[in-house]
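Just below is one structure, and these are the notes that go with it.
The values are calculated or read from the model by the stated rules, or taken from the named source; none is laboratory data. This is a predicted model, so every value here is computed, not measured. All Cβ positions, even for glycine, are placed from backbone atoms using ideal geometry, and neighbour counts span all protein chains on display. Remember, those area values only see protein heavy atoms, side chains included, never the ligands or the DNA or RNA. Shrake-Rupley method; radii C 1.70, N 1.55, O 1.52, S 1.80 Å.
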Protein chains: 2
Amino acid sequence: MSEDIKMLTDIESLSGSLAQRVYQSLREAILAMVYPPGSVLKKNVICEQLGVSRSPVAEAIARLAAEGLVDVIPQSATRVSCFSMEEIREASFLREALECAAVETVAMQRSDEQLAKLTRNVRLQEMLVEDRDYAEFYKADEEFHGLIMEFTGFPGVSSVAATVSLQLKRVRMLLLPEEGRPAETIKEHRAILDAIRDQDPAAAQAAMKAHLRMLIPRLLPLEKEHAEYFRSR
Amino acid sequence: MSEDIKMLTDIESLSGSLAQRVYQSLREAILAMVYPPGSVLKKNVICEQLGVSRSPVAEAIARLAAEGLVDVIPQSATRVSCFSMEEIREASFLREALECAAVETVAMQRSDEQLAKLTRNVRLQEMLVEDRDYAEFYKADEEFHGLIMEFTGFPGVSSVAATVSLQLKRVRMLLLPEEGRPAETIKEHRAILDAIRDQDPAAAQAAMKAHLRMLIPRLLPLEKEHAEYFRSR
DNA sequence: AGTCGTCAACTAACATGTTAGTTGGCATCT
DNA sequence: AGATGCCAACTAACATGTTAGTTGACGACT
């Protein structure tokens, strides 16, 4: 008997309302491919696995559906949404729009302290790659982008970008860190950083655009390598 | 006795799940200032007004909260969110980022048919202003922006923009159409259209940016004129 | 054998009952 | 009179019971 134990992070370790915790737990599981694209989510199973009733999971699933992570088939089932190259392109477009606007703004109005934080972050990235600690590098990478958006002064930019980039974040899990790519990534980050240092908005935007556009080409092969995760049409 | 009859659009006239219809009804009421900012939403009242139980309204309110239209105070109350100039600036930033990216893309890759549709729309705007039909003009204005985003080929751009612009849409209701402004608006739309016709992405983006930045200055006086709708801090 | 209609089992969606946390008012104490 | 603690009423949040729509499998009919 394959007991098929899908591991959900225990909601005890999270804060906020029950529904909020269930949402975080499910979201994490989906992003980590614990529930692969196409797999069905059963409310009852989740209820007893987390030890809660159907109300909070219903709310959590509603939020996930609103964000496009799951597809709810009315009166029938709810399954983790499959990838589609179109959605990925769209998410990429949205992300580019937001992050380019952010970096343009930051390049214009940055403070010295903000520049220092970004510089420190890039140095950290370099150290982590030297140490081959790719997991931590990934986190530092995300933090770099997060810092830039935070420095616009608009806290919502970061969260909106995170929401529209969810699909990207998920599909990115399929990419193993190719040897050499982190070094390239850091170079691109440095180019962005330099433009921010020089307070050159146009250069910053161009550097960010070039950086973000590196992703799609690396994603393209996945459609055939992992066809099972992609929507058939 | 002030019976305080808040009119909600009847959910019978809408389609989709019950929760979806309740959401649309509430959303419309909030945007139309039927529920002014700061007013409290009572689940029981809404339930009996719409003739539904608490489940669908709970889901609807959860969505409204996620979009920032209402603030839920845990275990206590849920009230329509007040305006804050910071949030308005943020929404404006996000909208600018998305619409500028969209118009840039469309200027690069437009089809002749798309150009024709946009041209027709601007002509319609001109006719409507001549006829002083400002309500229809408002709709045509929104359609103009919607068309541009639609023409990117990414259907989600329009809906994401609509979501992040919700606060803008609501606060805009306080603006009476000043005499002369529609004519200016059309000039700006024409400038955008011309750049799209000429397939000049940079000009298109610049024209869009100039156009969108007309809004904030007109909104600034509202913070004192309608202080009751704004968050005190 | 293949197709179509029927039906039982399962699911999301909805309704309703229950719990627990917050709030405002009143009485009490200083 | 003013501050403080207590209590009742109200609310969102959670749990659970009920409904209705979908699906897939089985059997009857061609």
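Across the copies of the chain, residue B:71 has label points (7 Å from Cα along Cα→Cβ) spaced 3.9 nm apart, shortest distance listed first. Per-atom-type breakdown for region B:85-225 gives carbon and sulfur 54% of the accessible area (1.4 Å probe, protein chains only).
If R0 is taken as 25 Å, the Cβ-Cβ distance between residue B:142 and residue B:113 corresponds to a FRET efficiency of 0.75. Surface calculation, 1.4 Å probe, protein heavy atoms: residue B:197 sits at approximately 110 Å² accessible. The distance between label points at residue A:79 and residue A:200 comes to 5.0 nm (points 7 Å beyond Cα on the Cα→Cβ vector).
When the accessible areas of B alone and A alone are added and the area of the pair subtracted, with a 1.4 Å probe, the result is around 1700 Å², both sides summed.
Applying the criteria of a DSSP loop state and at most 14 other Cβ atoms within 10 Å to the GluC sites (Glu not before Pro) of region A:150-233 yields A:178, A:179. Helix content alone sets the calculated 222 nm mean residue ellipticity of chain A: runs of n ≥ 4 DSSP H residues at -39500 (n - 2.57) each, divided across all residues, give -20500 deg cm²/dmol. Residue of chain B with the smallest Cβ distance to the axis mapping B onto A, distance rounded to whole Å: B:97, 2.
For chain A, the relative contact order is 24 percent, taking Cα pairs closer than 8 Å that sit 6 or more residues apart in sequence and dividing their mean separation by the residue count. For region A:1-60, the set of GluC sites (Glu not before Pro) satisfying both a DSSP loop assignment and a count of at most 12 other C-beta atoms within 10 Å is given as A:3.
Too long at a 31 Å Cα-Cα cut-off: which of A:139/B:169; A:187/A:224; A:42/B:169; A:43/A:169; A:43/B:42? A:139/B:169; A:42/B:169, as the Cα separations exceed 31 Å there. In the full protein context, the protein assembly as shown carries 51 Å² of accessible surface per residue, based on a 1.4 Å probe and ignoring ligands, DNA and RNA.
For chain A, the longest principal axis of the C-alpha atoms and the axis of helix A:134-150 are separated by about 70°. Put a point 7 Å out from Cα along the line to Cβ at residue B:115; what are the distances to that point in the other copies, in nm, shortest first? Label-point distances to the other copies, shortest first: 4.4 nm. Could you tell me how far the Cα centroid of region B:96-159 sits from the Cα centroid of region B:179-215, in Å? One Cα centre to the other: 11 Å. Could you check which residue among A:113, A:90, A:67 shows the biggest mean-square fluctuation in a GNM of chain A with a 10 Å Cα cutoff? Looking only at A:113, A:90, A:67, the largest GNM fluctuation is found for A:113. Considering only alpha-carbon pairs that sit under 8 angstrom and 6 or more positions apart, the relative contact order computed for region B:107-186 is 31 percent. When the Gaussian network model of chain B links Cα atoms closer than 10 Å, the mean-square fluctuations of B:71, B:112, B:198 top out at B:112. Burial of accessible area (probe 1.4 Å, heavy atoms of protein chains only) in region A:153-174, relative to its chain alone, reaches at least 40 Å² for A:154, A:160. Using heavy atoms of the protein chains and a probe of 1.4 Å, the accessible area assigned to residue B:89 is about 90 Å². Between copies, residue B:216 shows label-point distances of 3.0 nm, shortest first, with the point placed 7 angstrom from Cα along Cα to C-beta. Estimate the FRET efficiency between residue A:133 and residue B:218 by the formula 1/(1 + (r/R0)^6), using the beta-carbon distance for r and 45 Å for R0, to the nearest 0.05. About 0.30, to the nearest 0.05.
Would you mind checking the tilt of helix B:112-130 against the longest principal axis of the Cα atoms of chain B, expressed as 0 to 90 degrees and rounded to 10? Approximately 70 degrees, to the nearest 10. Interface residues of region A:32-70, defined as those with an accessible-area decrease of at least 20 Å² between the chain by itself and the complete set of protein chains (probe 1.4 Å), are A:59, A:62. Remark: spin-label model distance residue B:174-residue B:188 equals 1.9 nm, labels positioned 7 Å along the Cα→Cβ axis. Relative to the dominant Cα principal axis of chain B, helix B:85-109 is inclined by about 40°.
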